[in-house]
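Structure first, commentary second.
Every number in this text was worked out from the coordinates using simple rules, so none of it is lab data. Not measured: the values here are computed from a predicted model. Cβ atoms come from the backbone with ideal geometry, glycine included; neighbour counts cover every protein chain shown.
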Amino acid sequence: MPTTPIDTTVVPEYFGRFPVKLHSEEPKIARGSAAALKKFQCFAKDSRSHSVGPYGDAYAICYPDGDVERVQLSAEIIEALWMYDDVIEALPHDVASKEHGMVKQLLGHTHTNGKGLAEGAMTNVFRDVGARMTVLDPKGAPYVLGTLKQYLTEYDGSSRTFDTLEEYLSFRTLNVGFRIMASFMQWTLNVYLTSDETELCSAFYTAAGRVMAITNDYFSWRMEKREATDRVRNAIPVVMKQYAMSESDATLFVKGVLVDAEQKTARLGKALKGSSENIRRYVEGMEYLLGGSGFWSATCPRYNDVPSPATM
Ligand SMILES: [Mg+2]
């Protein structure tokens, strides 16, 4: 079924260069995200959607060409993961690590049996994820489940600080969940790279990860700066400190860094597209993912319906 291209030029808030389109089965995909939200509201009543937006569900925008069953399940899993992150972020680091350990164990179950788990535990949300992915795709599921487990292992919820933007971005690219978003993109499109192809695409992959990290920081800053946590992860305060800049100057600086990162990614992607049909599909999937993530971030209520200080 045809996807619907979104004319981003009529949306002033979006200044990204990557194309954006909507999956033809957006309502079905949105039901996946909504299912995750509903589950989480049992544990944290104030859980807010990470996917609702005026142009459609974030996952239907980020994975417009993906197999619909897989995109719907991806929406449910990733949405649950981001909401789980919201809850975890507020916990002490050692408690958070323990919860992560439990979820990692659950992801290892490739058939449904959640014996031994406390009823009502938040981690139960992930109980059948491994089994449901495996039913849809026994071959590809282990790859995606592996990146989920890696994310939980490497996720650093400590309150460490960074002196330079460079130092911060190398950390942030892993912590933004880029690997998760990118591996689900591959899963929904059924496009996997050989080790030679992975090597060939590695600079492009790193550049794309930076784009997603800076995009999130730029658009989520207005919301995040109002949150009472010592674990704010954002490039804007790093730049303010590093260059002794005001908040508004640092915001403009980060916007420039984002435009530059997108340009570099586009250049690397263009050079790769001729390599093979497989790589072309991979690069295009990534470009739609970056376009979708930027466009959603620029328009979603989560980041944009934040009262400005003047109206508070
Ligand atoms: Mg953010």
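Do we have Tyr192 as surrounded by fewer than 21 Cβ atoms within 10 Å (Cβ to Cβ), touching a residue at least 12 places away in the same chain (Cβ under 8 Å) and touching a Phe, Trp or Tyr at 6+ places or on another chain (Cβ under 8 Å) here?
Working: surrounded by fewer than 21 Cβ atoms within 10 Å (Cβ to Cβ): yes; touching a residue at least 12 places away in the same chain (Cβ under 8 Å): yes; touching a Phe, Trp or Tyr at 6+ places or on another chain (Cβ under 8 Å): yes.
Yes: the conditions hold for Tyr192.
Suppose the filter is in a helix (DSSP H, G or I), more than 16 Å from the ligand (Cβ to nearest atom), over 25 Å from Ala58 (Cα atoms) and among the β-branched types (Val, Ile, Thr); does Thr265 pass it?
no
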Flag for Arg226 being exposed (fewer than 14 other Cβ atoms within 10 Å of the Cβ), farther than 29 Å from Ala141 by Cβ and basic (Lys, Arg): yes
Extreme residue, surrounded by the most Cβ atoms within 10 Å (Cβ to Cβ), among residues of the range 129-157 that are charged (D, E, K, R) and more than 21 Å from the chain's Cα centre (by Cα): Asp137
State all residues of the range 1-19 that are farther than 16 Å from Gln263 by Cα and of a type in the set (A, V, I, L, M, F, W, C); if no residue qualifies, say none. Met1, Ile6, Val10, Val11
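Are any of the residues in the range 226-235 without any contact (Cβ under 8 Å) to a residue 60 or more places away in the chain and under 28 Å from Val129 (Cβ atoms)? Break it down stepwise before answering.
So the first thing to find is which residues in the range 226-235 are without any contact (Cβ under 8 Å) to a residue 60 or more places away in the chain, and the list is 227-228, 232, 234.
Add one more test, that the residue is under 28 Å from Val129 (Cβ atoms), and what stays is 227.
Looking through the range 226-235, at least one residue is without any contact (Cβ under 8 Å) to a residue 60 or more places away in the chain and under 28 Å from Val129 (Cβ atoms).
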Segments classed as helices (runs of 4 or more DSSP H), wholly inside the range 1-94, with at least 2 members that are free of Cβ contacts under 8 Å to residues at least 24 places away in the same chain and surrounded by fewer than 20 Cβ atoms within 10 Å (Cβ to Cβ): 26-41
Which is part of a helix (DSSP H, G or I) and away from the ligand (no atom under 16 Å from the Cβ), of Met286, Met223, Met245? Met286
Limited to the range 193-219, what total is found for residues that are of a type outside the set (Asp, Glu) and within 16 Å of the ligand (Cβ to nearest atom)? 10
